[in-house]
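Asker: Okay, handing you the structure first.
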Amino acid sequence: MIVGDFFRALSQLADSRFSFVLVKSLALTVVLLVASYFGVGWLGSLLPAWDVSVPLLGDISLSMVATGFAVVTLMLASAFLMFPIASMFVGFFLDDIVEAVEEQHYPQLHEITPQPMLEAVLDALRFLGIMIVANLIALVFYVFSGPLAPLIFWLVNGYLLGREYFQMIAVRRMPSAEAETLRKRHFGQIWMAGTLMAVPLSIPILNLVIPILGVATFTHLYHRLTGTRPQPA
């Protein structure tokens, strides 16, 4: 069943509305990362122009050392944060993806009022915060779990993806309390779907497409759980 939801989502990947969301979220992600690098460089330039004596290297500017350390740290953090940030920006445009799926597969449904942009931004920022905090906590387990680290990463992020995406999609068509009840009733399916999405997160480039496929997959999953049948193409 979940596989069918995913393949329905995959079959629509060439939809121009999907592509537009991908381009917008990717552009915003790159802009944010580039701005972060420039910000780090600017903060480094504000440090006192003191010199630090380093063996074999001689005197090096303190601001240069601090900036270099900050840039390397930011590069490592970028690899960790790329997916949560891309997911956050996809969350800004979640309605675009859900509407594209419903128009093609569930045309019998009535139209709904799109979520206000400010509300979408706040939901996406909350999702980003939850993902970062949860992964930072799980980092302790990643370090000490050895070969099981990827499995823990998949399970943690699969739970987060399933919980957040399903809830955000469900509240478009039902009250928040009912959406939460539905999510808890089908907890296993939703976690499994999220985990299957989390598996390719470690693959560069592909991990930027996964949030879009995730929204589409959970849209199909939501309608299947509520008994709405897709219409023949």
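Asker: Picking from Val23, Val34, Val3, which residue would you name as being farther than 30 Å from Ile112 by Cα, modelled with pLDDT of 75 or more and in a helix (DSSP H, G or I)?
Answerer: Val34
Asker: A further question follows. Which condition number in (1) modelled with pLDDT of 75 or more; (2) surrounded by 13 or more Cβ atoms within 10 Å (Cβ to Cβ); (3) among the hydroxyl-bearing types (Ser, Thr, Tyr) is the one that Ser16 fails?
Answerer: Result: Ser16 fails condition (2) only.
Asker: Residue check: is Val101 under 27 Å from Thr226 (Cα atoms) and at pLDDT 80 or above? Before you say what the answer is, go through the steps one by one.
Answerer: Working: under 27 Å from Thr226 (Cα atoms): yes; at pLDDT 80 or above: yes.
It is true that Val101 is under 27 Å from Thr226 (Cα atoms) and at pLDDT 80 or above.
Asker: From (1) at pLDDT 85 or above; (2) open to solvent by less than 40 Å² (accessible area, probe 1.4 Å), pick out the condition that doesn't hold for Ser87.
Answerer: (1)
Asker: Filter region 196-208 down to the residues that are among the small types (Gly, Ala, Ser) and surrounded by 15 or more Cβ atoms within 10 Å (Cβ to Cβ) and list them by number.
Answerer: Initial filter on region 196-208 (among the small types (Gly, Ala, Ser)): 198, 202.
Answer for region 196-208, where residues must be among the small types (Gly, Ala, Ser) and surrounded by 15 or more Cβ atoms within 10 Å (Cβ to Cβ): just Ala198.
Asker: Between a residue in region 121-144 that is within 17 Å of Leu161 (Cβ to Cβ) and any residue that is among the aromatic types (Phe, Trp, Tyr) and in a helix (DSSP H, G or I), which pairs come within a Cβ distance under 6 Å, given they are 6 or more apart or on different chains?
Answerer: Ala124/Phe92
Asker: If you scan region 97-134, which residues turn out to be among the charged types (D, E, K, R) and open to solvent by 50 Å² or more (accessible area, probe 1.4 Å)?
Answerer: Narrowing region 97-134 to residues among the charged types (D, E, K, R): 99, 102-103, 111, 119, 123, 126.
Hits for region 97-134 are Glu99, Glu103, Glu111, Glu119, Arg126.
Asker: Right, another one. Somewhere in region 182-195, is a residue touching a residue at least 24 places away in the same chain (Cβ under 8 Å), under 13 Å from the mean Cα position of the chain (by Cα), over 19 Å from Leu22 (Cα atoms) and open to solvent by 60 Å² or more (accessible area, probe 1.4 Å)?
Answerer: Checked region 182-195: no residue is touching a residue at least 24 places away in the same chain (Cβ under 8 Å), under 13 Å from the mean Cα position of the chain (by Cα), over 19 Å from Leu22 (Cα atoms) and open to solvent by 60 Å² or more (accessible area, probe 1.4 Å).
The values are calculated or read from the model by the stated rules, or taken from the named source; none is laboratory data. Predicted, not measured: the structure shown is a model, and the values here were computed from it. Here the Cβ is made from the backbone with ideal geometry for all residues, glycine too, and neighbour counts use every protein chain on show. Areas reflect the complete protein model, heavy atoms only, side chains present, ligands, DNA and RNA absent. Shrake-Rupley method; radii C 1.70, N 1.55, O 1.52, S 1.80 Å.
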